[in-house]
Structure formats: structure tokens, C-alpha cells
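K.L.:
Sharing a structure, written as C-alpha cells. Questions coming.
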Amino acid sequence: PGPFPLYTREEVGRHRSPEQRVWVTHGREVFDITDFLDLHPGGRSKILLAAGGALEPFWALYAVHNQAHVRDLLREYKVGELHPEELAAPAAADDPYAGDPPRHPALHVNSLKPFNAEPPGELLGEHFLTPPELFFKRNHLPVPHVDPDAYCLKVEGPGGRTLSLSLQDLQHRFPKHEVTATLQCAGNRRSEMSRVRPVKGLDWGIGAISTARWGGVWLRDVLADAGFAEEPESQRHVCFEGLDQDLTGTAYGASIPFYQAMSARADVLLAYEMNGAVLPRDHGFPLRVVVPGTVGARNVKWLGRIWVSTEESPSHWQRNDYKGFSPGVDWDTVDYTTAPAIQELPVTSAITDPPPGATVASSEVTVKGYAWSGGGRGVVRVDVSLDGGHTWQVAEMQGEQQPPGQAWAWKLWQLTAPVPPGTTELDIVCKAVDASYNVQPDTVGPIWNLRGVLSHAWHHVRVTVAE
Ligand code: HEM
Ligand code: MTE
Ligand code: MO
């Protein structure tokens, strides 16, 4: 066959559903895979994630495609080729975000500039350690370009002494440690809250949460090297500042209590690795803070400076954001000084598969999801209901064994159950219980707050049962 017609990426991008035909690219070649959707061994919903774009980023996640028989199969669906000009890298525009790194096309983008995006549930729930390209990204500002050779972390010690540490210093002067920890944004699941009443903030679904194995040095080792000693009674805070800045030169910042930073049980890390590889630019290259069990906002990326103070970080994001309020408080009455900064997060869980609106088989259904709690409180049980919360079954959990009080990572869970005969729709619900027997509220209305944070009620997914 051939010569083949030539297409632009934009033309390929218009073919994203069976009605418009589903096209994908691989290298320079364009394929119409509409007739293969129902034949795909990995399922129809997964292959559709690549509709209208390139296969490579998805196949990089699933090496099973790296075989001759998969290529042979694909060749049968070839319909064209990309214009030669389409292969050149797009020109950089004159904007502060032009230097941001490339991102995975599976991410649902909530905001492009700054870049905020989450993975689809079906992919998030598949990996105990989230592949870094799928890990949710929450940036307030452009991603800074940091030269690792020139990088220098400033640590202000007691008595005006300042420690300057290069990446080499950090990697060679301090022992390396690894911690598996889940990060969750305070705004995860905000979209459920905004359905009750509008709130201010990015419209996160269930994906502003991810898990990685972080490698780096203990913050307490670095603070000790700067001259600090443990003082359990002190009311001090450890403040962090990022190298990302807004147009006025104000950097992102946050703080955590001093006792937590110094505690041998709290495992606070200055991380330079994520899942065994160099920390990616979106996640704070070359160095970020990882505060296990604590809200994402305190896990400062592109770390530039650390100091200890009797005051919390003066940052907007510490003082005037990321706090919870009563449902009765509105933007006219809110007083940010009256509420504590969010630190440890409450217990939560969500269904990652099936997605809302899916059609499931009438025989049995497999429900998958995640569950996590802050403060190192492990999840001890996940209950699942197929009938909106009238009857419950206990899900099977899988995860890493972590000591009590240091259960920093989420649990993935799964339940396979028969579909009750005669049902046409299921209202699937999940709820988790943590090690302190904290539970999730059953509805989101009574925990509504103007900023849409701490949305952790029972999670519902409604699906149709096939006839
Ligand atoms: C498995 C083809 C796109 C996810 C497979 C297999 C084939 C295939 C032939 C079975 C391989 C074997 O076991 O030897 C294709 C083709 C695609 C495509 C032709 C595009 C035109 C995708 C995409 C995703 C995906 C975009 C993910 C987002 C998977 C998964 C499996 C799989 C998870 C493993 C299923 C299992 O073992 O249970 N695919 N695939 N595929 N595919 Fe794809
Ligand atoms: N650190 C810096 N320097 N700048 C930021 O915008 N965002 C914070 C935190 N650290 C942020 C930051 C917020 S609100 C969250 S939820 C996490 O980073 C997100 O981390 P991730 O992008 O690696 O998922
Ligand atoms: Mo966040």
C-alpha cells in the first residue's frame, strides 16, 4: 500500500471517538484503530486514552507492546503519515511557561499555566508506586530551570551561621534513606464539593494523590549539621522556600513544626530521587522536601532555603490558604488567622475503576481504588457497597508493610462481587477506616468549605449494568 496521505497532528487529534473514528500515531505513521477497540487485550477504555495522539507515551508504561506481533497488528490499520514539518520540535514561545517540561498526554489538565494535572483513575489505581509521568502535578508558578552543578541549598543555622550545601555535599556527606510516601493535595476531590455549592480552586477529581519511593537525606541530619539540637518543648517552625518565583520575585514557601522536622519517627526527607531515578523537573529537581503524612503543600519543591523561626512561614500558602472553615463561613466573613494551617490530612478513599458512567457486566463486577490517611495512620479496612451504602463488603487491600504510626503510603484495594440479579444500575460506594478508627463522613455537604479543601466523604461511582 501507499503512498499514504499526509496529515497534521491537529487533523489526527480530531479523531478521538468511534463516531469520528479513532486515530493514533506511532512514529511518523497514522493509524485508524476504530475496528480494533473491542479486540484490544488491554481493554477498550485503556486504548481510548491514546485516541487522537501518539501511542509512544502509553506504550512506555506498558512494555507488553514492545513486541513484533504488536507492531505487525498495528500495521494493518495504517491510513496515513504525518507531514514532515510535524516532526520538528514546536518553537518556544515568549512566555514564562515556555521552559516547562513535556508532560504525559494521559493527564487531565486542570490548568495549563501554571501546570496542574491529574492521571485518570483507571491508570492511577493500577500502580502501587505511581510512575512519575503519571504522578499528579501541582505547580503554582513556572517550573524553574535549576543547573545541578550550580545548585546550592542554604540552611540558616543558629547564631547567624549559614550552611551552603551543593548537591554533591548532600549526596556524599549524609547517609541516603528511602521512604515510600503518598502525597495528596488539600484540594483532591474538590469537584465533589463544588457540586454542593461553588468553591474557589482547581477542579480536581480523585487524582490529586499519588505515591512514590523517595530517596534522599533526612532533614534532621542536615539541621543537626547546621547546629540545631532536638528541643521537644519548643514552639518553633522549620520554614522552606522554593526557587520558583512569581513576577514580583516572591517564592513559594511553607513550614512544618520543628519537633516534626527533628523527630526520628517522622521521616522528613530532602529528596533527590523518585522511584529510583533522578527527581523529575515537575516534582522539584534537584531537591524537594517530602513530609510523609502531611498535606502536599508543605512538600516544597525546588528547595532553595531552610530556616528555623518562632513564626510559621510568612508565605501566602501557609498563612492565607490551605486552611479549613465551617460551611457557614463565606468570602465576606473569612478570617484566615482563626484557623490552623492544614498539616496532617484526614482519612480518605476513592474508586479508581470502573469510571463513572461505565457499563459493567451483569454477572460480577470488580471495583478498584485507593485509601490513605495522614499522620502515618495506616488504613485498616475499606468497605465497599454496590447499593449506595445499604449493604457493605470488605475489600482486599494490598500495599507495603509499614510500622504503626509510620504508614506513609496508601493501600490499593479491590473487591470482586456478584451483581445482584435484576439490577440495572449500581451506586458503588467506598469508605475507609484508619488506625485511629477515624472514618470518612457519609456526605460532603456538612464538610463544605469555601476553598474546597479536605473533601473526603464517601466516594460514589454510578454505573450501568449490561442487559
Ligand atoms: C495488551 C495491542 C494501545 C494497554 C496488548 C496486547 C496487544 C495490544 C496485542 C497483548 C500483548 C501480549 O500479551 O502479547 C495494542 C495496540 C494498541 C494498544 C495495537 C494501539 C493501537 C494501548 C494503550 C494502552 C494499552 C493506549 C494503555 C493506556 C494495554 C495493557 C495490556 C495490553 C494494560 C495488557 C493486558 C493484560 O495483559 O491483561 N495491547 N494496544 N494498550 N495493552 Fe495494548
Ligand atoms: N513547591 C513549590 N516550590 N512550588 C509549588 O507550587 N506546590 C505544592 C507542593 N510544593 C508547590 C510546591 C503543592 S500545593 C502540592 S499539592 C505539592 O507540591 C504537589 O507535588 P507534585 O507536583 O510533586 O505532585
Ligand atoms: Mo496542593
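The values are calculated or read from the model by the stated rules, or taken from the named source; none is laboratory data. Computed from a predicted structure; not experimentally measured. Positions of Cβ are backbone-derived with ideal geometry, glycine not excepted, and every protein chain shown enters the neighbour counts. In case anyone asks, the SASA skips ligands and DNA or RNA and just uses the protein heavy atoms, side chains included. Shrake-Rupley method; radii C 1.70, N 1.55, O 1.52, S 1.80 Å.
K.L.:
Under a plain spin-label model, where a point goes 7 Å from the Cα along Cα-to-Cβ, how far apart in nm are A60 and N320?
P.N.:
3.9
K.L.:
Using θ = phi - 60° and the Karplus curve 6.51 cos²θ - 1.76 cosθ + 1.60, what whole-Hz ³J(HN,Hα) does each residue of the range 313-326 get, with Gly and Pro shown as x?
P.N.:
Karplus values, whole Hz, x for Gly and Pro: 3, x, 4, 3, 6, 8, 9, 10, 7, 6, 9, x, 9, 5.
K.L.:
Per DSSP helix of 4 or more residues, -39500 (n - 2.57); summed, then divided by the residues of the chain. What does that give at 222 nm, rounded to the nearest 500?
P.N.:
-2500 deg cm²/dmol
K.L.:
Ok, one more. Let me check the size of the range 1-146 from its C-alpha atoms; what are the radius of gyration and Dmax in Å?
P.N.:
For the range 1-146, the Cα radius of gyration and maximum Cα-Cα distance read 16.6, 50 Å.
K.L.:
Using only the alpha carbon atoms of the range 180-286, find the Kirkwood hydrodynamic radius as the inverse mean reciprocal pair distance, in angstroms to one decimal. Walk me through the numbers on the way to the answer.
P.N.:
On the way: mean 1/r = 0.0609 Å⁻¹.
Hydrodynamic radius (Kirkwood, Cα pairs) of the range 180-286 is 16.4 Å.
K.L.:
Also, I was wondering about something else. For the range 342-367, list residues with backbone N below 18 Å from a point placed 7 Å from the Cα of R381 toward its Cβ?
P.N.:
The answer is 347-350, whose backbone nitrogens lie closer than 18 Å to the label point.
K.L.:
Going by average Cβ neighbours within 10 Å, how do the peptides 437-446, 7-16, 236-245 rank, with the highest at the top? Each step should come with its number before you reach the end.
P.N.:
Values: 437-446: 14.6, 7-16: 16.2, 236-245: 22.6.
Top of the packing list down: 236-245, 7-16, 437-446.
K.L.:
Can you tell me the length gained on complete extension of the stretch A277 to R265, counting 0.36 nm per residue apart and subtracting the Cα distance? Please list the in-between numbers first.
P.N.:
On the way: separation 12, 0.36 × 12 = 4.32 nm, distance 2.50 nm.
The A277-R265 span can extend by a further 1.8 nm.
K.L.:
While we're here: Is the shape of the range 153-338 rounded, prolate or oblate, going by the alpha carbon gyration tensor and its root eigenvalues a ≥ b ≥ c, with a/c under 1.5 for rounded and a/b larger than b/c for prolate? If you can, show how the numbers build up before the last one.
P.N.:
Values: a/c = 1.95, a/b = 1.46, b/c = 1.33.
Prolate, because a/c is 1.5 or more and a/b exceeds b/c.
K.L.:
Extension gain D221-Q393, at 0.36 nm per residue separation less the Cα-Cα distance, in nm?
P.N.:
57.4 nm
K.L.:
Now, a different point. Based on the mean of other Cβ atoms within 10 Å per residue, sort peptides 55-67, 375-387 so the most packed one is first.
P.N.:
Ranked by mean Cβ neighbours within 10 Å, highest first: 375-387, 55-67.
K.L.:
For the range 6-87, just list the percent of Cα-Cα distances falling in each 10 Å bin from zero outward, please.
P.N.:
Percent of pairs per bin, in order: 18, 57, 24, 1.
K.L.:
If you don't mind, another one. How high is the relative contact order of the range 153-338, in percent, counting Cα pairs under 8 Å that sit 6 or more residues apart? The partial results should precede the final answer.
P.N.:
Working: 364 pairs, mean separation 44.7, N = 186.
Worked out over the range 153-338, it gives 24 percent.
K.L.:
Output the pairs from K113/K368; K46/K176; K176/K323; K113/K431; K154/K411; K46/K78 with a Cα-Cα distance over 30 Å in this structure; if there are none, say none.
P.N.:
K113/K368; K46/K176; K176/K323; K113/K431; K154/K411
K.L.:
Might you tell me the accessible area per residue for the chain, computed with a 1.4 Å probe and given in Å²?
P.N.:
Each residue of the chain exposes 45 Å² on average to a 1.4 Å probe.
K.L.:
On to the next question. From Cα pairs below 8 angstrom and at least 6 apart in sequence, can you work out the relative contact order of the range 6-87, rounded to a whole percent?
P.N.:
40
K.L.:
Taking the inverse of the average 1/r across all pairs of different Cα atoms in the range 348-465, what Kirkwood radius in Å do you get? Numbers along the way, then the final one.
P.N.:
Numbers: mean 1/r = 0.0675 Å⁻¹.
After inverting the mean inverse Cα-Cα distance, the result is 14.8 Å.
K.L.:
Take the solvent-accessible surface of the protein heavy atoms, probe 1.4 Å, and return the percent of it on the range 109-175 that carbon and sulfur atoms account for.
P.N.:
51
K.L.:
Normalised by the residues of the range 348-465, what does the relative contact order come to in percent, with Cα pairs under 8 Å and at least six apart?
P.N.:
Computed over the range 348-465, the figure is 35 percent.
K.L.:
Can I ask one more? In whole Å, what are the Cα extents of the chain along the three principal axes, biggest one first?
P.N.:
Computed over the Cα atoms, the extents are 76, 57, 46 Å.
K.L.:
Apply the a/c threshold of 1.5 to the C-alpha gyration tensor of the range 277-354 and tell me whether it is rounded, prolate or oblate.
P.N.:
In terms of gyration-tensor shape, oblate.
K.L.:
Further, regarding this structure: Using every pair of alpha-carbon atoms in the range 315-393, split the distances into 5 Å bins beginning at 0 and state the percent of pairs per bin, rounded to integers.
P.N.:
3, 11, 15, 15, 12, 12, 13, 10, 6, 2, 1
K.L.:
Which percent of the accessible heavy-atom area of the range 6-87 goes to carbon and sulfur, probe 1.4 angstrom?
P.N.:
Working: 2430 of 4570 Å².
Solvent-exposed carbon and sulfur of the range 6-87 make up 53 percent of the total.
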